1. Which condition does I110 not pass, out of (1) open to solvent by 30 Å² or more (accessible area, probe 1.4 Å); (2) at pLDDT below 90; (3) closer than 30 Å to P386 by Cβ; (4) under 21 Å from the mean Cα position of the chain (by Cα), if it passes all the others?
2. Find all pairs meeting these conditions: Cβ atoms under 6 angstrom apart; at least six residues apart or on different chains; first residue within region 231-249 and under 14 Å from E62 (Cα atoms) and open to solvent by 10 Å² or more (accessible area, probe 1.4 Å); second residue among the acidic types (D, E) and modelled with pLDDT under 85.
3. Please work out if G385 is not charged (D, E, K, R) and not in a helix (DSSP H, G or I).
4. Assuming I129 fulfils every condition listed in (1) surrounded by 21 or more Cβ atoms within 10 Å (Cβ to Cβ); (2) in contact with a Phe, Trp or Tyr (Cβ under 6 Å, 6 or more places away or on another chain) apart from one, which condition is it?
5. From the list F165, F180, F241, which one is touching a Leu at 6+ places or on another chain (Cβ under 7 Å), of a type outside the set (V, I, T) and either assigned to a helix (DSSP H, G or I) or at pLDDT below 90 (or both)?
6. Consider L117 against the criteria (1) open to solvent by 60 Å² or more (accessible area, probe 1.4 Å); (2) in a helix (DSSP H, G or I); (3) in contact (Cβ under 8 Å) with a residue 24 or more places away in the chain: it satisfies all of them except one. Which criterion is unmet?
7. Hey, can you tell me all the residues within region 60-78 that are farther than 21 Å from I229 by Cβ and either surrounded by 21 or more Cβ atoms within 10 Å (Cβ to Cβ) or among the polar types (S, T, N, Q) (or both)?
8. Return the total of residues in region 264-288 being closer than 10 Å to V340 by Cβ and aromatic (F, W, Y).
Amino acid sequence: MGDKLKKRLLDKGIRIEMLLFLILIAVVALGNNMGDSVFSNYFKEVYNVTASQRAFIEFPRELPGLLCALVIGSLSFLGDIKTVVLTQILACVGLMALGLFTPSFGIMLIFLFTNSLGMHLFMPLSDSIGMSLAEPDKVGHRMGQYGSIRTLVGFAAGIVVFLGFRTGFFSFASEIKWIFVVGACIFAVAIIVSVLLVKYTKGMSISTGNKKFRLVFRYRYRYYYILTILHGVQKQIAYVFGSWVIVDLLLKGADIMSLLTIISSFIGIFFLRLVGKTIDKLGVRFMLFTEALLFIFVYTIYGFVVWYISENAIAGSGWSVILVYVLFIMDRLSMQLGIVKSIYLRSIAYDQSEITSVLSTGTSLDHIVAILAAQLSGFIWTQFGPQYVFFMAAILSLGNLFVAWQAKPVVEERIQESVL
């Protein structure tokens, strides 16, 4: 029956493995948005955390990313897609525990780590699988399509979260955190889709096979790794401290956060498709320059606006609040340009079979920096002022500009290499 379905879809020009992968991306994005989009409000309302405590929480949240290369390498005997099944089980268990119980702060961090481990392992695996499934001449288009699906689902999830909190169905004051329970059930669906993907990709050259664990540090990947390290800092500012400005300085609830997610996701649906087409038309280097300039602009303006808000103790309304919302949305859009890094990597890869290893190595480097950046940013926020967190990010984003200037997407010559 499976072969008949596959043949029927092929007759219509539909590859069943691609269809299942697109469904998987959508389901995982939906489940992830049920938790990730409101975690800052959860920490604030349930545990009343301070800025320094919020920074500390990033250690167990980002530690799975640091362990990513080790864990994926250890599980390489399963292959990429079978490992994806395990990632969804971890994400499901972690989020379900947070939904059914209100554990102590320490126990909460354990379940947060479990959920985060599942999602962080899925990141490099999904990029690797997605590029393997893509047509050779449409990689940029496909990566943009994947991102658009995630964003479209994020838009739908934002509406659900907004209405849920506005109607009172979702609440962090209740004994059961239904938003997390719903998210866990969605991850359960992702487990089923992953199992089907395993079945329909059997025999295809997607799996990493029986590769041994290794960290890949070839010289030709130097600029890719610089980008991943810078992304570690920018990610903390965008998703942690950008959100914390709204939650802590502006005192806004989960409904406002979800409304901003709705807006950024709606714009992102079209934005990512444009990014994918632009990469195919104008090249990766052009998008690297665009990404760099966008980061520098957003974080510089962010710093000055947050400085004004913190100095004048304004937390209600006015132009500064609206501008924070606009910057928040722009920051979320700029983070979606992360697909450029993966496509750049594919264009310079020494061996296409080691892309998963390079992606997971990059993820580990990203998260080493992310953990350090969170602690440093929390210290700067508390001791010197929140604006300096954003000024630091703007200065570091000059590194993106340097990479865009130096990087060449296609490397013809063999260059110095080393693999650990």
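1. Condition not satisfied by I110: (2).
2. H231/D366
3. yes
4. With respect to (1) surrounded by 21 or more Cβ atoms within 10 Å (Cβ to Cβ); (2) in contact with a Phe, Trp or Tyr (Cβ under 6 Å, 6 or more places away or on another chain), I129 is out only on (2).
5. Matching residue, one of F165, F180, F241: F180.
6. So the condition that L117 fails would be (1).
7. Of everything in region 60-78, those that are farther than 21 Å from I229 by Cβ and either surrounded by 21 or more Cβ atoms within 10 Å (Cβ to Cβ) or among the polar types (S, T, N, Q) (or both) turn out to be S74, S76.
8. The qualifying residues number 1.
The values are calculated or read from the model by the stated rules, or taken from the named source; none is laboratory data. It should be emphasised that the depicted structure is a prediction, and the values quoted were computed from it without experimental measurement. No Cβ is skipped: glycine too gets one built from the backbone with ideal geometry, and neighbour counts run over all protein chains shown. For accessibility, only protein heavy atoms count, side chains too; no ligands or nucleic acids. Shrake-Rupley method; radii C 1.70, N 1.55, O 1.52, S 1.80 Å.
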